[in-house]
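Below is one structure, written out as structure tokens; comments come after it.
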Amino acid sequence: MKVVIPPIKSQGIKTKLVPWIKDVAPKVNGRWIEPFLGTGVVAFNARYKKAILNDTNPHIIRFYKSVQERLITVPLMKQYLENEGKLLREAGNNGYDHYLTVRARFNSGEYSPFDFIFLSRAGFNGMMRFGSKGNWNIPFCKKPDRFAQAYITKIVNQLSLVSQIISPKPDWQFYNKSFSEIIPLATENDIIYCDPPYFGRHADYYNGWTEKVEALVCNFDANGFAQHNHGVKEKVKMRQLELDLEYTYKYKEYGK
Ligand SMILES: C[S@@+](CC[C@H](N)C(=O)[O-])C[C@H]1O[C@@H](n2cnc3c(N)ncnc32)[C@H](O)[C@@H]1O
């Protein structure tokens, strides 16, 4: 299966899990709901006609909304990356000066989705991290020729694919809210895929989770999981927990 890779980079990207997720996700005729969208790789490959996609990171959502509204197109992105790539190549301090210019421009409140892609692709190790005021605080990858023609072509091809997959409103809806406001939007025909921030990972401005809980929560029977091993050598032991609705009801009723 050829996996569509989105133009945003992030260390938590689930590219390798996509075939597995596609196999186990039941084929529902409702919406694909993803409260923790991240790069969007899972949603873009799940290919549901209707989707609700959300993230607390406003830059991710602004970027994909701009793609949806055709404010970001392949020719515009290509031109932007060629210009900025040239400035980076010619900048002092082996390109670092221009990286800092773009980062300062972005952090000044411009938050251009084009600059977001620049920072995402020219930042150290493909990391995405924000400081205490929501400022992009990743250093430069130290490659002045980062935006060589072949790399620009790769990025715009990724953009081209996701622009073809993202359907116009109202079929695909993007939100910049907390997951707790998104999950109640689900109805019985929808599927919710949740990939919250990881336990033990760096917590930043948009990733404030500190709770020590890790779980895969399914609203469908997960007993078939063991059949889908996708190249993993040793089968992982899965244990399906059941949601005790009676308990949940009592818990709510007595406010305990
Ligand atoms: C593990 S990443 C998702 C990765 C994604 N599945 C991918 O493959 O790219 C978790 C995402 O949750 C977002 N997030 C953190 N706290 C959130 C919250 N309370 N509500 C919604 N999104 C949140 C983060 O900004 C981050 O993009």
May I ask you to verify whether Ser66 is in the same structural domain as Trp172 (by TED's automatic domain parsing), of a type in the set (Gly, Ala, Ser) and not in a helix (DSSP H, G or I)? no
Specify which of the listed residues (Glu110, Glu90, Glu82) is under 16 Å from Leu159 (Cβ atoms), in the same structural domain as Asn57 (by TED's automatic domain parsing) and loosely packed, with under 15 Cβ neighbours inside 10 Å. Glu82
Among the residues that make up segment 1-14, is at least one of them more than 13 Å from the ligand (Cβ to nearest atom), out of contact with any strand residue (DSSP E or B) (no Cβ under 9 Å at 6 or more places or on another chain) and either of a type in the set (Asp, Glu) or not in a helix (DSSP H, G or I) (or both)? yes
Take the residues in segment 17-38 that are at pLDDT below 90 and within 12 Å of the ligand (Cβ to nearest atom), then tell me which one is farthest from the chain's Cα centre (by Cα). Ile21
Being within 18 Å of Gln11 (Cβ to Cβ), surrounded by fewer than 15 Cβ atoms within 10 Å (Cβ to Cβ) and of a type in the set (Gly, Ala, Ser): is that true of Gly123 here? no
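Got at least one residue in segment 116-130 being among the charged types (D, E, K, R), modelled with pLDDT of 95 or more and under 16 Å from the mean Cα position of the chain (by Cα)?
Start the filter on segment 116-130 by keeping residues that are among the charged types (D, E, K, R), which leaves 121, 129.
Narrowing further to those that are modelled with pLDDT of 95 or more: 121.
Now restrict to residues that are under 16 Å from the mean Cα position of the chain (by Cα): 121.
Yes: one or more hits.
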Determine if segment 48-58 includes at least one residue that is polar (S, T, N, Q), farther than 19 Å from Gln164 by Cα and exposed (fewer than 15 other Cβ atoms within 10 Å of the Cβ). no
In segment 44-62, what residues are of a type in the set (Ser, Thr, Tyr) and away from the ligand (no atom under 13 Å from the Cβ)? Tyr48
For the structure I just gave you, tell me whether Asn157 is in the same structural domain as Thr39 (by TED's automatic domain parsing), closer than 18 Å to Gly95 by Cβ, out of contact with any Leu (no Cβ under 8 Å at 6 or more places or on another chain) and surrounded by fewer than 15 Cβ atoms within 10 Å (Cβ to Cβ). no
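Name every residue in segment 142-160 that is in a helix (DSSP H, G or I) and either closer than 19 Å to Ile60 by Cβ or touching a Gly at 6+ places or on another chain (Cβ under 9 Å) (or both), in order of residue number.
Of all residues in segment 142-160, those in a helix (DSSP H, G or I) come to 149-160.
Selection gives Gln149, Tyr151, Ile152, Ile155, Val156, Gln158, Leu159, Ser160.
Quick check, is Val41 more than 12 Å from the ligand (Cβ to nearest atom), among the aliphatic types (A, V, I, L, M) and under 26 Å from Pro168 (Cβ atoms)? It would help to see each step written out before you state the result.
Numbers: more than 12 Å from the ligand (Cβ to nearest atom): no; among the aliphatic types (A, V, I, L, M): yes; under 26 Å from Pro168 (Cβ atoms): yes.
No.
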Which ones in segment 5-61 are among the β-branched types (Val, Ile, Thr) and more than 27 Å from Phe118 (Cα to Cα)? Ile21, Val24, Val28, Ile33
Restricting attention to segment 152-182, report how many residues are free of Cβ contacts under 8 Å to residues at least 40 places away in the same chain and under 30 Å from Asp97 (Cβ atoms). 3
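The values are calculated or read from the model by the stated rules, or taken from the named source; none is laboratory data. Keep in mind the model is a prediction, meaning the values are calculated, not measured. With ideal geometry, Cβ positions are generated from the backbone for all residues, glycine too; neighbour counts draw on all protein chains shown.
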